[in-house]
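Working notes, structure below.
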Amino acid sequence: MQRRQFITLLGGVAVWPLAARAQQPVLPVVGFLHYASPDTYAHILKAFRQGLKEAGYVEGQNVTIEYRWAEGHYDRLPSLAADLVRRHVTVIAAGGTNAAQIAKRATTTIPIVFTSGADPVASGLVSSISRPEANLTGASGISSVISAKRLELTRDLLPRARAVAMIINPDFPGADAQMAEMEAAGRLFGMQTWRVTAGSERELDTAFVTISERRVDAFVVGADGYFITRRYQFAALAARYAIPGIYPFSDYVRAGGLVSYGASISEDYRQAGIYTGQILKGAKPADLPVMQPTVFELVINLKTAKALGLDVPRTLLARADEVIE
C-alpha cells in the first residue's frame with residue numbers, strides 16, 4: 001500500500017466517529033425544579049420517570065433531566081430556577097406550589113408543568129383549571145373535601161375529640177385557604193379549631209409546646225413541601241407529647257406518624273411526567289387542563305396507635321389502603 005493511500009485510510013477512520021457523533025440528535029432537556037432533596041423524594045422521581053416513559057421518553061435515551069434541589073429551603077428556588085432558564089431547558093417540571101410560582105416568574109416562554117398542593121387558580125399559577133392559558137399546566141393535589149375528611153377521621157379515632165389544632169406554614173401559598181377549610185369543617189363537626197404556624201425546625205418545636213398547652217385532642221398538618229422534609233421531627237414531637245396527628249401524605253405515616261389521608265403524591269408526579277412528555281412532543285400547556293386528584297390514600301400506622309394507647313376501629317382499618325404494623 002502506498003503511503004498516500006495509507007494516510008487517507010487513517011484519516012477516514014479518525015474522522016468517521018467524529019462525524020457520526022456530530023450527526024446524533026440533541027436530546028431535549030427537562031429541568032426538574034424541586035423544593036426538597038432527592039433522598040426525601042426518591043419515590044416521586046420514580047413516578048415522574050414512569051409518566052415520562054408512558055409518554056414515550058426514557059431518561060438517558062431520548063431525554064435528559066437536569067435536577068435542581070432546594071434541600072427544603074424555599075429561598076434557594078429563585079437562583080435554581082434562573083439557572084434552568086439560562087440553560088434554555090425545553091420544559092421545567094416544578095415540584096410544589098412555591099417552585100411553580102418561582103418558575104413562572106422566571107420565564108414566560110419555557111413550558112412549565114407543576115405539581116401543587118394549593119389551589120392553582122387562587123395561588124396565581126393559572127387563570128383556569130380547564131384552560132390554563134400562558135405557559136403553565138400540571139397536576140393539583142387539592143380537593144375541597146379533604147379537610148372535612150381529615151376531621152371525620154379524627155372523630156372516628158377519637159369520638160370525644162372537641163378541639164383540634166392545625167399546623168400550617170405561613171410561607172406556603174395555600175396555608176390560609178387550608179386553614180379556612182379546616183375551620184369550616186370544624187363548624188360542621190362541632191369541633192374547635194386552633195391555628196398554629198411554623199416555618200422552621202425551631203418553630204415546629206414551639207408549635208408543639210403551644211399545642212400541648214392548649215390541651216387539644218389532636219393536630220392536623222397542612223399540606224406543605226417543607227413540612228414533608230421535617231416528617232421525622234413531626235413523628236418524634238407527636239410521640240413526645242403523646243398527641244395523635246392526622247397528616248396530608250403517607251410519607252409522614254411511614255416516618256412514624258399516626259394517620260394520613262390525601263391525594264397520592266406519586267400519582268400527581270406520574271401525571272406530571274405524562275404532561276411533560278406530551279409537551280416534548282409539541283403539545284401546548286394552555287391546551288392541557290390542570291389535572292385534579294382522583295386517587296386518595298388512607299394510611300394507618302398501628303405501631304404508633306398502640307404507643308398512643310389508641311384502639312383503631314375495625315371499620316377504619318377496613319377502609320385503609322395501607323396498614324403499617
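The values are calculated or read from the model by the stated rules, or taken from the named source; none is laboratory data. As the structure is a computational prediction, the values presented were derived from the model and not from experiment. Virtual Cβ from ideal backbone geometry, glycine too; neighbours counted across all protein chains shown. We work out accessible area using only protein heavy atoms, side chains counted, and drop any ligands, DNA or RNA first. Shrake-Rupley method; radii C 1.70, N 1.55, O 1.52, S 1.80 Å.
What does the extension gain come out to for Arg202 and Asp171, with contour length at 0.36 nm per residue minus their alpha carbon separation?
9.7 nm
Hey, what angle do you get for helix 146-157 against the long axis of the chain, alpha-carbon based, 0 to 90 degrees rounded to 10?
50 degrees
What value does region 159-287 have for Rg/Rh, both radii from Cα atoms and Rh as Kirkwood defines it?
Here the Rg-to-Rh quotient is 1.06.
Over region 223-325, with the other protein chains present, what is the accessible area per residue in square angstrom, probe 1.4 angstrom?
Using a 1.4 Å probe on heavy atoms only, each residue of region 223-325 averages 43 Å².
To make sure I understand the rule: partners must be aspartates and glutamates, Cα under 20 Å from the Cα of Lys284, and not fewer than 8 residues away in the same chain. Which ones qualify?
Glu54, Glu133, Asp268
Nearest 500 deg cm²/dmol is fine: what mean residue ellipticity at 222 nm does the chain get from its DSSP H runs of n ≥ 4 alone, each adding -39,500 (n - 2.57), divided by its residue count?
Result for the chain: -13500 deg cm²/dmol, rounded to the nearest 500.
Take His88 and Glu133, extend 7 Å from each Cα along the Cα→Cβ direction, and tell me the distance between the two endpoints in nm.
Roughly 3.0 nm, to one decimal.
At Glu71 and Thr294, where each label point lies 7 Å from the Cα along Cα→Cβ, what is the point-to-point distance in nanometres?
So the two model labels end up 3.9 nm from each other.
Points 7 angstrom from Cα along the Cβ direction at Arg187 and Ala163: gap in nanometres?
It is 2.1 nm.
Cα to Cα, under 16 Å, and not fewer than 8 places away if on the same chain: which lysines meet these conditions relative to Lys281?
Filter leaves Lys53.
Go through Lys149/Lys306; Lys104/Lys149; Lys149/Lys303 and tell me which ones have a Cα-Cα distance over 26 Å in this structure.
Lys104/Lys149
Could you calculate the contour length gain from Ala320 to Arg105, that is, 0.36 nm times the residue separation minus the distance between their Cα atoms, to one decimal place in nm?
Residue separation times 0.36 nm, minus the Cα-Cα distance, leaves 73.4 nm.
Please express the Cα-Cα pair-distance distribution P(r) of the chain as a list of whole percents, one per 10 Å bin, running from 0 to the bin with the greatest distance.
Spelled out bin by bin, the chain gives 6, 25, 30, 19, 10, 4, 3, 2, 1, 0 percent.
Rounded to whole Å and sorted largest first, what semi-axes of the equivalent ellipsoid does the C-alpha gyration tensor of region 69-173 yield via the square root of 5 times each eigenvalue?
Gyration-tensor ellipsoid for region 69-173: 33, 16, 9 Å.
Take the alpha-carbon centre of region 283-299, take the same for region 172-211, and report the distance between them in whole Å.
26 Å
Can you check how the C-alpha radius of gyration of region 169-229 compares to 2.2 N^0.38 Å, as a plain ratio?
Ratio of Rg to 2.2 N^0.38 Å for region 169-229: 1.13.
Let's test the formula: R0 of 30 Å, r as the Cβ-Cβ distance of Leu302 and Gln233. What FRET efficiency results, to the nearest 0.05?
Efficiency computed from Cβ-Cβ geometry: 0.90.
Grab the Cα-Cα distance for Ala42 and Tyr241, subtract it from 0.36 nm times how many residues apart they are, and report the gain in nm with one decimal. Don't skip to the end; give the middle numbers.
Working: separation 199, 0.36 × 199 = 71.64 nm, distance 3.02 nm.
The Ala42-Tyr241 span can extend by a further 68.6 nm.
By how many degrees, 0 to 90 and rounded to 10, does the Cα axis of helix 42-54 deviate from the longest principal axis of the chain?
The helix 42-54 is inclined about 50 degrees to the chain.
Taking only C-alpha pairs under 8 Å that are 6+ residues apart, what is the relative contact order of the chain in percent?
20 percent.
Given the peptides 282-293, 311-322, 27-38, arrange them by the average over their residues of other C-beta atoms within 10 Å, most packed first. List each step's numbers first, then the result.
Values: 282-293: 16.0, 311-322: 12.2, 27-38: 21.2.
Going by the mean number of other Cβ atoms within 10 Å, highest first, we get 27-38, 282-293, 311-322.
What is the helix-to-structure angle for 175-189, meaning the angle in degrees between its Cα long axis and the longest Cα principal axis of the chain, kept from 0 to 90 and rounded to the nearest 10?
Its long axis makes an angle of about 40 degrees.
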